[in-house]
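Note sheet for the following structure.
The values are calculated or read from the model by the stated rules, or taken from the named source; none is laboratory data. Everything quoted here is computed from the prediction, not taken from an experiment. Reconstructed Cβ throughout: ideal geometry from the backbone, glycine too, with neighbour counts over all protein chains shown.
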Amino acid sequence: MSAAQAVEAVFRIESARIIAGVARIVRDVGIAEEIAQDALVAALEQWPESGVPDRPGAWLTATAKHRAIDLVRRKETYARKLAEVGRSLEDVPPPAEPADPEDIDDDLLRLIFTSCHPVLATDARIALTLRLMGGLTTQEIARAFLASESTIAQRIVRAKRALAKAGVPFEVPYGADREARLSSVLEVIYLVFNEGYSATAGDDLVRPALCEDALRLARVLAGLMPKEPEVHGLAALLEFQASRIATRTGPDGEPVLLADQNRARWNRMLIDRGARALRQAGNGPYSVQAAIAGCHAAAVRYEDTDWPRIAALYGRLGRLVPSPVVELNRAVAVSMAEGPEAALPLVDALTREPALRAYHLLPSVRGDLLERLGRPGEARAEFERAASLTRNEQERSLLLRRAARL
């Protein structure tokens with residue numbers, strides 16, 4: 001590996017910790033990221049000549065912190081800033097490596113709670129979290145969400161400005177504020193994973209790299225907050241879901257339905273990780289979804305799936321977070337547990353839900369039920385309608401093929 005490749009690899013792994021450590025000093029995530037980038041440039045300049053250090057992550061961290069301290073000293077508000085970060089910074093150089101692992105954990109928690117602050121819109125939280133915590137470039141984020149690079153760049157810049165303008169403190173909140181902020185953090189990670197697991201638009205059904213980034217964030221958060229049951233619930237859910245990614249598409253990227261997936265190719269290591277995380281989960285929405293995913297993972301064959309339990313779990317989820325989408329999923333489980341004739345009235349009732357008017361999976365599910373009930377003409381019309389609503393090309397092709405067969 002060349003020095004430049006080493007810099008890139010180390011920075012990708014360590015960037016979140018570097019930015020978090022610097023943000024604790026400068027109290028601004030935007031400035032912290034700029035200083036981290038300065039340290040990266042310094043490494044690119046020095047490592048080709050001096051060689052890659054034995055502890056490259058510590059080298060980058062120390063360089064970034066040293067520059068952060070220099071910046072604080074140069075500020076006109078030096079005295080106030082110095083009081084915030086501790087007067088010991090005046091005479092003590094930055095450490096070669098973090099002295100206390102718990103300090104690192106605290107800084108990472110502060111960073112993720114800051115980047116997911118509710119003052120930001122959801123799309124801004126996602127972009128900023130992937131940038132700061134995931135180490136993704138603007139180009140990578142833009143490609144993942146099928147947006148232009150300039151759009152994502154502006155979104156990240158506006159997010160940093162909004163945090164600075166609102167005076168969002170670089171801290172881990174407590175009490176009710178912490179609970180509200182934690183739900184925002186979990187939601188961002190969940191949304192990132194879902195976009196990778198089932199892309200809303202574009203030519204690809206699955207974007208595994210995005211799933212991997214979300215799963216990594218969930219694991220980091222579970223390690224940082226081991227006493228939060230819903231954090232483990234989310235981690236368990238993503239582990240279970242990720243175990244099936246390799247089987248969700250065929251050779252040409254076409255969707256493979258759950259009933260047709262080769263379960264021998266499901267990743268047993270991820271399933272085992274999910275089961276361990278589920279044992280530490282609670283009774284919240286992510287934990288219940290993890291239990292549902294665990295039921296699928298436990299079934300050696302599709303025919304072995306415990307559909308009555310899954311239907312019951314969806315009922316519990318619907319009471320926790322009432323949603324027409326949850327009810328649609330419950331209807332699918334009911335159709336498998338009790339037959340399509342029991343589920344069709346549930347789905348028909350959902351056709352009056354305004355929130356599902358443009359949701360392609362509603363006519364898709366209804367088409368499947370009608371096909372199983374021996375009503376091919378009506379089923380075909382539903383599949384065609386579903387195809388007209390989806391923005392994902394692979395899903396559209398699948399739905400049109402199902403319609404054509406009828």
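Within segment 239-273, the set of residues being outside any helix (DSSP H, G or I) and closer than 16 Å to residue 299 by Cα comprises 243, 244, 257, 261, 262, 266, 267.
Residue 286 passes every criterion in (1) more than 21 Å from residue 190 (Cβ to Cβ); (2) in a helix (DSSP H, G or I) apart from (1).
Taken over segment 49-70, residues that are farther than 17 Å from residue 25 by Cα, among the aliphatic types (A, V, I, L, M) and assigned to a helix (DSSP H, G or I) amount to 0.
Contact map, segment 352-374: residues that are in the same structural domain as residue 331 (by TED's automatic domain parsing) paired with residues that are among the aromatic types (Phe, Trp, Tyr) and surrounded by fewer than 21 Cβ atoms within 10 Å (Cβ to Cβ), Cβ distance under 9 Å, separation 6+ or inter-chain. Pairs shown: 353/359. Annotation note: Cβ proximity below 7 Å between a residue of segment 337-351 that is over 13 Å from residue 365 (Cβ atoms) and a residue that is surrounded by 13 or more Cβ atoms within 10 Å (Cβ to Cβ) and among the aromatic types (Phe, Trp, Tyr) (sequence gap 6+ or interchain) occurs for 337/307. All of (1) under 26 Å from the mean Cα position of the chain (by Cα); (2) part of a helix (DSSP H, G or I); (3) exposed (fewer than 13 other Cβ atoms within 10 Å of the Cβ); (4) in contact (Cβ under 8 Å) with a residue 24 or more places away in the chain hold for residue 319 with one exception: (4).
Table: residues versus (1) surrounded by fewer than 24 Cβ atoms within 10 Å (Cβ to Cβ); (2) touching a Lys or Arg at 6+ places or on another chain (Cβ under 8 Å).
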position: 109; (1), (2): yes, no
position: 114; (1), (2): no, no
position: 119; (1), (2): yes, no
position: 123; (1), (2): yes, yes
position: 129; (1), (2): no, no
position: 132; (1), (2): no, no
position: 138; (1), (2): yes, yes
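Please tell me if residue 388 is surrounded by fewer than 17 Cβ atoms within 10 Å (Cβ to Cβ), modelled with pLDDT of 95 or more and not aliphatic (A, V, I, L, M). Yes; evaluated as a whole, the condition is true for this residue.
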